[in-house]
Amino acid sequence: MKHTALIKKMSLEEKASLMSGKDFFTTKAVDKHNIPSMLLSDGPHGIRKQAGEADNVGLNPSLPATCYPTSATIANSWNPEMGEEMAAFIGKEAVSLGVSVLLGPGTNIKRNPLCGRNFEYFSEDPFLAGKMAAAYTRGIQSQGISACLKHFACNNQEYRRMVIDSIVDERTLREIYLTPFRMGIEEGDLKTIMTSYNMLNGTHTNENQHLMKDILRDEWKFNGLVVTDWGGSNDRIKGLIAGNSLEMPGNKGETDEDIIQAIKNGELDEKVLDENVERYLELLFDTQKAFIKEPEKFDIEKHHAMAQKAAEESIVLLKNKDKVLPLNNKDKVAIIGDFAQTPRYQGAGSSIVNPTKIDDTISSVKEYDLNYVGFEPGYKRYGKSSRSLIKKAMKLAENADVLLLYLGLHEYSEVEGIDRTDMLLPKNQLELLDELVTLNKKIVVILACGSPVEIDFETKVDAIVHSYLSGQAGAKATLNVLTGKVNPSGKLAETLMNSYQDTPTYNYFPGKEMTVEYREGLFVGYRYFDTNKVAVKYPFGFGLSYTDFQYSDLVVTKDLVTFKMKNVGDVAGSEVAQLYIGAKNSQVTRPLKELKGFAKVSLNPGEIKEVAIKLDDKAFRFFNPETMKWEIEELDYEIFIGSSSQTLLLKETLHVEGVTLDPKLKATDLPHYFKGDIQNVSVEEFEKLLGRKVPKSTYDFYKKNRLVVGYNTTTEQLKYSKRWVGRLFYRAIRFANKFLHLIGNHTQANVLEMGVVQLPMRGLAHMSGGMITWRQLDGLIAMFNGHFFKGVKMFFSGGRKRSKQNKLTEKRDQEK
């Protein structure tokens with residue numbers, strides 16, 4: 001260990017103090033040994049360093065920073081090099097604001113389109129997500145600080161996220177959900193990783209030995225720091241033993257005392273603490289090098305230009321009937337839709353950025369050579385119907401040839417901590433669209449949202465431009481695409497299905513009570529749609545251009561695939577060529593094909609380039625749960641090159657040597673998995689895949705609708721508590737939530753839902769910054785379980801003890 005000498009000089013109390021935060025985003029200093037504190041900050045599409053006293057749920061404003069396009073948007077660029085460049089800009093801003101660890105990027109797989117945090121994640125595909133995660137990591141860390149991949153692992157729903165148990169078979173875990181984290185670590189040289197809130201196969205992730213030791217440390221050789229998600233620590237000692245070094249946020253040292261006592265009573269070996277302190281000190285001193293010189297202020301305009309460049313390359317053209325786009329200066333153009341005036345450019349929750357500036361369409365359109373005739377909002381932003389707004393929009397539209405109609409989801413529908421309830425656009429927006437269609441004008445829909453929506457209106461309009469959540473410079477980036485200044489080159493990083501019912505996880509999302517079962521196995525996103533031949537609206541990897549590309553001359557070896565690409569149109573453009581591999585006659589269940597490589601190629605009109613995509617040793621392998629090893633099955637493999645998962649233009653077959661398989665589970669044992677028809681997998685078939693019994697998924701009531709309240713009981717579950725105190729507490733919170741929505745304060749309502757309703761009892765201590773001690777929490781739980789007077793006594797005695805401890809702490813600080 002590099003810091004052995006320093007660690008030996010430190011007292012047990014000093015070492016333990018480094019294992020939790022000072023407050024919400026700052027770690028503790030030990031002045032005696034010249035150990036400074038370290039600042040962590042939310043990300044990942046910009047810096048959310050809060051002004052004044054920090055909190056975790058966005059109550060306090062943050063300092064201005066560039067709001068770049070969200071991860072869901074940048075993934076559509078299919079350009080890791082550009083992602084790395086943008087991340088370096090983010091890293092530079094972090095350094096200028098004194099941030100050592102940027103909490104991002106989010107690297108979870110988009111298992112289901114309704115997950116409230118999908119806008120923070122890259123893709124439904126682990127290979128694409130892994131390439132982008134590694135790029136972000138390299139970019140951020142190029143500035144001397146640390147990225148932090150999150151949330152490790154299988155955090156794929158927001159409902160009950162802090163207590164839900166994700167039930168996943170080993171092969172699916174390895175191939176789908178852990179692959180992007182592995183790639184980020186191996187290809188990005190990651191310094192920090194964040195554990196997720198949820199349990200994984202019965203154990204909280206931050207204390208899961210299989211995840212944290214067997215895989216992360218032993219198999220992947222990760223030597224960096226592991227930090228909890230905020231309030232995500234369950235058992236502090238078990239977490240420390242698993243290598244979860246830093247607990248955030250601070251809790252006035254309560255869990256530090258747990259560590260000290262565990263060592264004194266022999267429950268914890270002090271060597272374990274030393275190892276965790278070593279990892280913390282290594283990260284601390286490594287990132288402190290970035291602040292040796294006075295950090296430079298970042299160039300706001302230069303960074304804004306980077307945000308625009310990133311958005312331009314990530315916008316996806318979904319439809320362009322009769323080449324209505326790009327716009328010309330002859331047709332009269334009207335702009336309709338509230339989002340054109342007040343852009344929807346980012347999601348909500350801990351990732352929300354206070355932008356340095358914001359471009360909007362109405363202010364910017366005057367800079368373009370268009371025959372612009374006016375703007376009407378057309379609808380109320382948060383869903384209320386308005387005939388007067390529709391009438392004004394119709395009147396304006398009558399005088400135009402082309403209507404630019406800005407539609408999408410509002411801010412409070414895509415937010416951390418709350419899953420969406422459907423895939424529908426707001427009804428009032430669709431009513432406006434239906435009215436405008438009757439005028440027989442050319443309609444171009446500009447869509448703004450971070451997750452899939454049902455696009456039933458596709459046949460009614462002439463063009464669809466999907467901007468996703470394109471950051472503070474997204475308005476001009478979109479106008480550049482609409483006018484042809486920029487040729488769109490974005491490709492979907494997720495499937496846009498026809499309806500939510502078509503989703504492979506339709507029957508398995510979300511987990512409503514104790515568990516969420518990943519019964520779909522490997523068949524996430526296009527792996528399901530393509531294998532099971534389910535029609536979709538727009539497939540994974542799809543995106544149009546203002547030019548056309550021709551593919552030819554495919555040559556395949558085990559290590560390299562080459563082919564030629566030609567721009568056969570009359571404008572310059574970029575195309576994302578995608579390489580998929582399918583195993584023929586495999587003895588194990590497999591998707592029809594899987595993405596294993598891609599290349600973004602820029603071509604001038606008539607230009608031809610030879611494109612080469614390398615295949616590494618992971619391209620043909622699968623994880624064998626019987627041997628617990630990665631293996632290559634000796635087979636013929638089909639190599640596809642295409643412009644989307646369903647537009648395959650070149651094909652070759654390659655024989656690859658490997659092992660001959662005789663698996664225990666045959667097609668007769670797993671019929672739905674072998675066919676890819678997994679929406680109706682039975683419990684019995686899922687148990688065969690798991691290799692064990694499926695745990696009970698429902699609440700453990702001790703009598704009808706009554707629970708014993710414990711540390712992992714959520715506020716929402718208090719409606720089932722034994723005595724009236726808990727039920728009254730729950731009703732008061734629910735009333736407050738409804739009232740806030742009623743008066744239009746959706747932000748605070750969402751904060752209450754995310755930060756209180758879904759919070760387990762232990763979170764009241766973890767997230768209160770020491771305001772509620774564990775003794776006080778035990779008192780509350782006692783009251784909720786029917787021991788009212790005993791609980792009151794415990795609560796107040798805990799408060800008195802906290803006051804005494806605070807005075808002692810203040811005295812020690814003054815003596816320092």
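For the stretch 257-351, applying the loop criterion from DSSP together with a ceiling of 16 other beta carbons within 10 Å to the chymotrypsin sites (Phe, Trp or Tyr not before Pro) yields no site. Quick one: how many Å² of C115 are accessible to a 1.4 Å probe, rounded to 10? My reading of the accessible area for C115 is about 0 Å². With everything on Cα atoms, drop me the angle between helix 788-815 and the longest principal axis of the chain, reported from 0 to 90° to the nearest 10. Tilt of helix 788-815: around 90 degrees. Estimated from helical segments only, the mean residue ellipticity of the chain at 222 nm is -9000 deg cm²/dmol, where each DSSP H run of four or more residues counts as -39500 (n - 2.57). Around the amide H of L149, modelled in the peptide plane, lie the amide H atoms of T192, M194, all under 5 Å away and 5 or more residues distant in sequence or on another chain.
Take the Cα of K293, step 7 Å toward its Cβ, do the same at V437, and the gap between the two points is 6.0 nm. Once the Cα atoms are used to define both axes, helix 270-288 deviates from the longest principal axis of the chain by about 50 degrees. Sequence-ordered 3J(HN,Hα) estimates for the stretch 342-355 from the Karplus curve with 6.51, -1.76 and 1.60 and θ = phi - 60° stand at 10, x, 9, 10, 7, x, 10, x, 5, 8, 5, 10, 8, x Hz, glycine and proline given as x. Relative protection proxy for 504-515, 479-490, from highest mean packing down: 479-490, 504-515 (other beta-carbon atoms within 10 angstrom).
Distance from the alpha carbon centroid of the stretch 1-51 to that of the stretch 84-99 works out to 20 angstrom. Packing around the peptides 391-397, 558-564, taken as the average count of other Cβ atoms within 10 Å per residue, puts them in this order, highest first: 391-397, 558-564.
When peptides 66-73, 524-531, 200-207 are sorted by average Cβ neighbour count within 10 Å, with the highest value leading, the order is 66-73, 524-531, 200-207.
Distance between the C-alpha centers of the stretch 509-575 and the stretch 173-224? Whole Å please. The stretch 509-575 and the stretch 173-224 have Cα centres spaced 27 Å from each other. Rounded to the nearest Hz, the phi-derived 3J(HN,Hα) couplings of the stretch 2-11 under the Karplus curve 6.51 cos²θ - 1.76 cosθ + 1.60 (θ = phi - 60°) are 5, 10, 4, 4, 5, 5, 5, 6, 7, 6, where x marks glycine and proline. Residue order by solvent-accessible surface for F457, F674, F89 is F674, F89, F457, largest first, with ligands and nucleic acids left out and a 1.4 Å probe. In order along the stretch 197-210, the Karplus-derived 3J(HN,Hα) couplings, from 6.51 cos²θ - 1.76 cosθ + 1.60 at θ = phi - 60°, round to 6, 6, 8, 10, 6, x, 10, 4, 4, 6, 10, 7, 4, 5 Hz, and Gly and Pro are given as x.
Using only Cα atoms and rounding to the nearest 10 degrees, what angle (0 to 90) does helix 179-188 make with the longest principal axis of the chain? With rounding to tens, the tilt is 90 degrees.
Heavy-atom accessible surface of the stretch 286-406, averaged per residue, reaches 49 Å², computed with a 1.4 Å probe.
For the stretch 607-632 and the stretch 420-453, what is the separation of their Cα centres, given in Å? Between the Cα centres of the stretch 607-632 and the stretch 420-453 lies a distance of 40 Å. Close amide H pairs (under 5 Å, H built 1.01 Å from N) link K49 with L63, residues at least 5 positions away or on another chain.
With all protein chains kept in place, the per residue accessible area of the stretch 611-686 amounts to 51 square angstrom at a probe of 1.4 angstrom.
Sorting H45, H787 on solvent-accessible area from highest to lowest, probe radius 1.4 Å, gives H787, H45.
The accessible surface of the chain, taken with every protein chain in place and a 1.4 Å probe, is 50 percent carbon and sulfur.
Based on the Stokes-Einstein relation at 4 °C and a viscosity of 1.567 mPa s, and on the Kirkwood radius from alpha carbon pairs, the stretch 644-740 is assigned a translational diffusion coefficient of 68 µm²/s. In the list (1) 1.03; (2) 1.40; (3) 0.97, the label attached to Rg/Rh (Cα atoms, Kirkwood Rh) as derived from the coordinates here is (3).
The values are calculated or read from the model by the stated rules, or taken from the named source; none is laboratory data. Nothing here was measured: the structure is a model prediction, and the numbers come from that model. Neighbour counts are summed over all protein chains in view; Cβ atoms, including those assigned to glycine, are modelled from backbone coordinates with ideal geometry. Ligands, DNA and RNA are stripped out before the accessible areas are found, and what is left, the full protein with its side chains, is counted by its heavy atoms. Shrake-Rupley method; radii C 1.70, N 1.55, O 1.52, S 1.80 Å.
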